[in-house]
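Here's the structure, in structure tokens; my notes come after.
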Amino acid sequence: MRLALATLLLCAAEYAFPQALSVKWEELTAADFQQAIQKAQNTCVLPFGIVEKHGPQLPLGTDLINVRYASLHGAQQEYAVVFPEYYFGQIFEAKHEPGTVAYSAKLQLDLLQETADEMARNGCKKILIVNGHGGNNHLLPFFAQAQLATPHDYVVYVFMRPPYPPGRPAMKTKVDQHAGESETSHTMISRPDLVHIERAGSESGADRNRLDLPTGVYTGIWWYAKFPDHYAGDGSAANTALGEFDMRAWTNSIANAIRSVKADQVGPRLQDEFFQGSRQPINTKQ
């Protein structure tokens, strides 16, 4: 009888205080989610990938797979709740390639805004968007800036991968922008079962350089002019040493970003101050 009672009390304690809360939003029960948000200090991470061709050797979801891998491991270092797979970004430049999923610009912004709103409604008052796709380099800062258009009770932060720290293994290739040596090495760590390294040399990742425009002139077709096969580099040079170094550095930088966002008291205060002033700008002291 005593043994049965002790077992019951132990089970009840484990239910009330989970030994390890998952960082994955989708894996938490409703009750665990409440505890997770509290443990995360209302900080949530939105890893942002895409679905597009990655040379002949990598999966379509490479960016999504890699950014989620790094984000999940970063959140395990510095606890935060990580939103499920998100791939609704800018990839018009790959619409000619099989498997690409390219949503309209309006839908991209509307969906991202509603996602942020829903995250905040569920307690995420600090949302860290971790970018894993070069095609979002303009979209995401614009989205963050657009948050000032309407008052919010949450703050959006965007994290772009910083330069690698000292000690990075030497690169074997000079062109390394998309599905090349680095990205293939990263995927060898995140999902080695999806890397077909033997196919890396079946297409050319050389820069075609087919546009002749002066510095400072931009056109949307620039990427297609340079890399029409959606392959920029040589993935056959990939190796796990490079992959391990890069993914560890990325993971650590995300953990540090989460830590900094949690500690940030100035951003939310200044945003509230801004919204107050924007309601009646005629009263702003000059």
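The values are calculated or read from the model by the stated rules, or taken from the named source; none is laboratory data. Because the structure is a prediction, the values reported are computed rather than measured. A quick note on method: Cβ atoms are made from the backbone with ideal geometry, for glycine too, and the neighbour counts reach across all protein chains shown. With ligands, DNA and RNA removed, areas are computed over all heavy atoms of the protein, side chains included. Shrake-Rupley method; radii C 1.70, N 1.55, O 1.52, S 1.80 Å.
Numbers for the structure displayed
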item	result
Enumeration of residues in the stretch 165-199 that are charged (D, E, K, R) and either touching a residue at least 24 places away in the same chain (Cβ under 8 Å) or touching a Gly at 6+ places or on another chain (Cβ under 7 Å) (or both)	168, 172, 176, 181, 183, 191, 198, 199
Enumeration of residues in the stretch 123-145 that are over 14 Å from residue 50 (Cα atoms), surrounded by 16 or more Cβ atoms within 10 Å (Cβ to Cβ), out of contact with any strand residue (DSSP E or B) (no Cβ under 6 Å at 6 or more places or on another chain) and not small (Gly, Ala, Ser)	125, 143
Any chance residue 73 is open to solvent by 40 Å² or more (accessible area, probe 1.4 Å) and part of a loop (DSSP other than H, G, I, E, B)	no
Single residue of 93, 78, 85, 97 found to be among the acidic types (Asp, Glu), open to solvent by 10 Å² or more (accessible area, probe 1.4 Å) and under 27 Å from residue 265 (Cα atoms)	78
Among (1) surrounded by fewer than 18 Cβ atoms within 10 Å (Cβ to Cβ); (2) more than 29 Å from residue 80 (Cα to Cα); (3) under 27 Å from the mean Cα position of the chain (by Cα); (4) not β-branched (Val, Ile, Thr) - the single one residue 231 does not satisfy	(1)
Wholly enclosed helices (runs of 4 or more DSSP H) of the stretch 174-280 bearing at least 3 residues farther than 30 Å from residue 37 by Cβ	181-190, 222-226, 240-263
Among (1) open to solvent by 80 Å² or more (accessible area, probe 1.4 Å); (2) in contact (Cβ under 8 Å) with a residue 24 or more places away in the chain; (3) touching a helix residue (DSSP H, G or I) at 6+ places or on another chain (Cβ under 9 Å) - the single one residue 202 does not satisfy	(3)
Pairs with Cβ under 9 Å, 6+ apart, first in the stretch 258-286 and over 23 Å from residue 71 (Cα atoms), second surrounded by 11 or more Cβ atoms within 10 Å (Cβ to Cβ) and of a type in the set (S, T, N, Q)	271/147; 284/278
Test: residue 240 is β-branched (Val, Ile, Thr), modelled with pLDDT under 95 and either open to solvent by 20 Å² or more (accessible area, probe 1.4 Å) or more than 24 Å from residue 129 (Cβ to Cβ) (or both)	no
